[in-house]
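Let me begin by handing over the structure; questions about it come next.
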Amino acid sequence: MPELPDVEGFRDRLSATLPGRRIDAVEVRDSGVLRNASARALNRALSGHRFEEPRRHGKWLLLPAEGPTLLVHSGMTGRPYYTSAGDGDRHDRVVITLDRGELHYADQRKLRGIWLVGDHSDIDDIDDVLGDQGPDALGLERRAFTEILQRHRGALKPTLMDQSVIAGLGNLLVDEICWRARLNPKVHIGELDDSDIRRLHRAVTSVLRTAVRHGCVPGLRRWLTRVRDDTDPSCPRCGTRLRRGRVGGRSTVWCPRCQPG
């Protein structure tokens, strides 16, 4: 599932190819990924405009085009990408022909998709689609992070995954962060002391920096992510058999020794 590092990778790659490209035509091969506009409306709104610098907030990718803006949420399997050679994916749902190259949106399961807002300067329209979004997790300073947590009293993992609290953290990232901070994902925010919050913020910063460099949540040798899907996984740090369960309705993996509670 694309999380913040994947979407930041989409943004980074498209920022090297999209800005200044004129939209010549929009081909919708499967309207099942269009959430608030018809194929005809999408083509009419975008044709003739030029893409500007892509942006990202949390798990959302924003593609402004001199007025109209595409908002892309990849869900579990979505992938926007640029191609100069006309290559494609069998799951391509939308193909935007540019004055040079093409922008494709591929999505096997079509759980989220593409929204259109009329003018990228009209933040209310964008906010209507994005919903209540907290500050972006990438680069969040410790003071702001601490203030955010102090306003909440729920369990740690559901709080971190709540996009209205902090935008961009998904299931894999939060399990990795909690493991690195040595905090049980079920612990209540109110039970955390200053040292816990400092460790948690360091873990958020470190995990996101590394993941963004890889363009995904990587399964590195000393990462929980590498072993979490093993049949009988053990903690990469202490060797203890990991536990599995559901926290906040999501599949969760943690180490009972490193993360007691």
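Readers should treat all values here as calculations from the given coordinates under stated rules, not as data from a laboratory. Keep in mind that this is a model prediction, so the values were computed, not measured. Every residue, glycine among them, receives a Cβ derived from its backbone with ideal geometry; neighbour counts consider all protein chains shown.
Pick out the long, greasy-scoring helices in the chain: whole DSSP H runs spanning 18 Å or more along their own axis by Cα, mean Kyte-Doolittle at least -1.0.
Flagged H segments are 194-214.
I've got another one for you. Projected onto the charge dipole of the chain (+1 at Lys/Arg Cβ, -1 at Asp/Glu Cβ, origin at the Cα centre), which of 45, 185, 78 gives the Cα projection farthest towards the positive end?
It is 185, whose Cα lies furthest towards the positive end.
If a/c stays under 1.5 just call it rounded; otherwise compare a/b with b/c (prolate if a/b is bigger, oblate if not). Do that for the stretch 159-261, with a ≥ b ≥ c from the square roots of the Cα gyration tensor eigenvalues.
Verdict is rounded for the stretch 159-261.
Something else now. Classify the stretch 130-213 from the C-alpha gyration tensor, please: rounded if a/c falls under 1.5, else prolate or oblate depending on whether a/b exceeds b/c.
rounded
Which order do peptides 132-142, 6-16 fall in by mean Cβ count within 10 Å, highest first? Walk me through the numbers before you get to the answer.
Working: 132-142: 16.3, 6-16: 18.2.
Put in order of decreasing packing, that is 6-16, 132-142.
Take the alpha carbon gyration tensor of the stretch 1-76, find the square roots of its eigenvalues, order them as a ≥ b ≥ c, and report rounded if a/c is under 1.5; if not, report prolate when a/b exceeds b/c, else oblate.
oblate
Listed highest first by mean packing, meaning other Cβ atoms within 10 Å per residue, what order do 96-103, 30-37 come in?
So the order, starting with the most tightly packed, is 96-103, 30-37.
Also: So, R0 is 22 Å and r is the distance between the beta-carbons of residue 232 and residue 108; what FRET efficiency does that work out to, to 0.05?
0.15
Under 11 Å from a label point 7 Å along Cα→Cβ of residue 209: give me every residue in the stretch 168-203 with its amide N that close.
What the label zone holds, given the 11 Å backbone N cut-off, is 202-203.
What's the center-to-center distance, using Cα atoms, between the stretch 172-195 and the stretch 1-49 in Å?
That distance is 36 Å.
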